Amino acid sequence: MKAAIYPGSFDPVTFGHIDIIKRAATIFDTLIVSVLNNERKSSLFSVDERVKLLREVTKDIPNVEIDSFDGLLVDYAAKKDVHVVVRGLRAITDFEYELQNAQTNRLLSKGELDTMFLTTSLEYAYLSSSAVKEIARFGGDISACVPKYEEQIIIDKLNSLK
Ligand code: PNS
């Protein structure tokens, strides 16, 4: 059984993430999509809320599991006995950060953890969770960015913080 972990902040999950999830789920027997619990990064949604959103939008993909983790990705992957990380690459601007993370993870894991990159589909190349929050904050239309299920949840969350 080949398994992979797709880690991220997913604050919130977008069509760009879902595109990577769907494609990675056809390559691996099991794909664990895992939300990083990063107390140093301020997020719109709590980890539990992000897990719930991810479960809902991936409920029709049978080989996807949703989870969360703290600390180093290499430790989490070792605990899960998974040796491949999946990440999406949107543009060259992502590359340096992703390369650094991938090399660090190989070093820390003594070669046990590799990273596989999928290039984001072109229609989502400029989509990011930050852009979704910015558009929604100013009353813009986010229907091209996130599934219908999420739209009102994002708007309500932003309104609750006003
Ligand atoms: O969606 P993001 O915020 O770009 O995801 C970044 C993530 C979660 C993949 C990355 O920050 C991560 O793996 N953090 C866990 C901490 C860690 O292992 N750091 C060492 C790699 S430099």
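Scan I66, I32, I27, I21 and give me the residue that is more than 14 Å from the ligand (Cβ to nearest atom) and under 11 Å from the mean Cα position of the chain (by Cα).
I66
Test D11 against the criterion of being within 11 Å of the ligand (Cβ to nearest atom), crowded, with 16+ Cβ neighbours inside 10 Å and among the acidic types (D, E), and give yes or no. Step through it out loud before you land on a result.
Details: within 11 Å of the ligand (Cβ to nearest atom): yes; crowded, with 16+ Cβ neighbours inside 10 Å: yes; among the acidic types (D, E): yes.
Considered against the rule, which asks whether it is within 11 Å of the ligand (Cβ to nearest atom), crowded, with 16+ Cβ neighbours inside 10 Å and among the acidic types (D, E), D11 comes out as yes.
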So which pairs qualify, if the first residue must be in region 46-63 and surrounded by fewer than 19 Cβ atoms within 10 Å (Cβ to Cβ), the second must be part of a loop (DSSP other than H, G, I, E, B) and hydroxyl-bearing (S, T, Y), the Cβ gap must be under 6 Å, and the two must be at least 6 apart or on different chains?
none
Against the definition (charged (D, E, K, R), surrounded by fewer than 21 Cβ atoms within 10 Å (Cβ to Cβ) and within 14 Å of A4 (Cβ to Cβ)), how does K41 come out, yes or no?
no
Sort out which residues of region 89-108 are in contact (Cβ under 8 Å) with a residue 12 or more places away in the chain, within 9 Å of the ligand (Cβ to nearest atom) and under 25 Å from F15 (Cβ atoms), and write them in order of number.
E98, N101, A102
A102 being small (G, A, S), on the phi < 0 side of the Ramachandran plot and surrounded by 16 or more Cβ atoms within 10 Å (Cβ to Cβ):
yes
Over region 35-63, the set of residues near the ligand (Cβ under 9 Å from one of its atoms) and at pLDDT below 95 is N38, K41
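The values are calculated or read from the model by the stated rules, or taken from the named source; none is laboratory data. The model shown is predicted, which means the values in this text are computed figures rather than measured ones. Neighbour counts run over all protein chains shown; Cβ positions are idealised from the backbone, glycine included.
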